1. When you check B:Glu54 against the structure, is it open to solvent by 60 Å² or more (accessible area, probe 1.4 Å), within 13 Å of the chain's Cα centre (by Cα) and at negative phi, yes or no?
2. In the range A:11-29, which residues are of a type in the set (Gly, Ala, Ser) and open to solvent by 70 Å² or more (accessible area, probe 1.4 Å)?
3. Under 27 Å from A:Phe33 (Cβ atoms) and of a type outside the set (Phe, Trp, Tyr): is that true of B:Ser25 in this structure?
4. If you scan the range B:93-114, which residues turn out to be crowded, with 18+ Cβ neighbours inside 10 Å and either at pLDDT 95 or above or of a type in the set (Phe, Trp, Tyr) (or both)?
5. Return yes when B:Val19 is modelled with pLDDT under 95 and of a type in the set (Val, Ile, Thr) and no when it is not.
6. Considering only residues that are assigned to a loop (DSSP other than H, G, I, E, B), among the hydroxyl-bearing types (Ser, Thr, Tyr) and in contact with a strand residue (DSSP E or B) (Cβ under 6 Å, 6 or more places away or on another chain), which ones fall in the range B:1-42?
7. Could you check, for the range B:80-94, whether at least one of its residues is free of Cβ contacts under 8 Å to residues at least 24 places away in the same chain and closer than 17 Å to A:Phe103 by Cβ?
8. Starting from residues that are open to solvent by 20 Å² or more (accessible area, probe 1.4 Å) and modelled with pLDDT of 95 or more, keep the ones in the range B:68-92 and report whichever is farthest from the other protein chains (Cβ to nearest Cβ).
Amino acid sequence: DQQVKQNSPSLSVQEGRISILNCDYTNSMFDYFLWYKKYPAEGPTFLISISSIKDKNEDGRFTVFLNKSAKHLSLHIVPSQPGDSAVYFCAARGGGGADGLTFGKGTHLIIQP
Amino acid sequence: ETGVTQSPTHLIKTRGQQVTLRCSSQSGHNTVSWYQQALGQGPQFIFQYYREEENGRGNFPPRFSGLQFPNYSSELNVNALELDDSALYLCASSTQKGRNSPLHFGNGTRLTVT
């Protein structure tokens with residue numbers, strides 16, 4: 001059973017427009033959420049995170065929104081740039097203790113010129 | 001500030017053999033965790049070490065074991081390799097300054113079991 005779901009395997013967006021990546025989760029114990037970006041042959045790179053006590057966190061071109069009642073979060077990238085083309089992973093942590101991150105399967109974002 | 005480094009980058013082993021993967025944590029990080037990423041999947045949590053002791057484990061059998069050393073470097077050992085162990089193995093480090101600190105990943109070791 002997948003506790004973190006990214007239902008879009010791929011997404012194509014024009015350069016300069018907004019990219020919106022979505023993520024749903026089922027475990028109500030999750031209290032910390034992260035987005036990672038991954039290029040081929042590299043490890044995931046941390047982008048932005050949000051604690052469950054917030055509903056929005058912004059860092060430059062990246063904004064993460066959290067809707068706890070819907071168990072849904074999204075990553076907005078604006079404006080989208082060619083270097084943003086990568087696989088994006090949503091991850092969650094919760095339940096207390098030294099629990100690891102639970103990842104979704106990723107969304108491949110393609111920025112078209 | 002050096003990032004997380006892993007060795008080797010690629011490895012080919014035969015079913016039934018044992019393998020050791022190595023990781024050097026990012027400077028200043030005292031917590032290390034290991035993840036397995038199969039093709040087309042997200043990374044899956046194997047275990048985490050803090051102060052040289054395992055303090056969290058995912059749904060992996062005991063033939064997956066690890067060590068953390070006083071300099072915060074780490075090893076992942078896998079015994080009795082199976083074909084399904086073929087994957088990218090990622091090491092990540094973090095600080096324990098509050099639970100909400102992000103993990104910083106290395107580039108991984110690609111293990112192929114034949």
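The values are calculated or read from the model by the stated rules, or taken from the named source; none is laboratory data. Here the structure is a predicted model, which is why all the values come from computation and not from measurement. No Cβ is skipped: glycine too gets one built from the backbone with ideal geometry, and neighbour counts run over all protein chains shown. Note: areas computed on protein heavy atoms with side chains; ligands, DNA, RNA excluded. Shrake-Rupley method; radii C 1.70, N 1.55, O 1.52, S 1.80 Å.
1. Judged against the criteria, B:Glu54 is a match.
2. Matches in the range A:11-29: A:Ser28 only.
3. Spelling it out, B:Ser25 is indeed under 27 Å from A:Phe33 (Cβ atoms) and of a type outside the set (Phe, Trp, Tyr).
4. Matches in the range B:93-114: B:Phe105, B:Gly106, B:Asn107, B:Gly108, B:Thr109, B:Leu111, B:Val113.
5. When the stated conditions are applied, B:Val19 does not pass them.
6. B:Ser25, the sole residue that qualifies.
7. No, there is no match, as no residue in the range B:80-94 is free of Cβ contacts under 8 Å to residues at least 24 places away in the same chain and closer than 17 Å to A:Phe103 by Cβ.
8. Of everything passing the filter in the range B:68-92, B:Ala80 is farthest from the other protein chains (Cβ to nearest Cβ).
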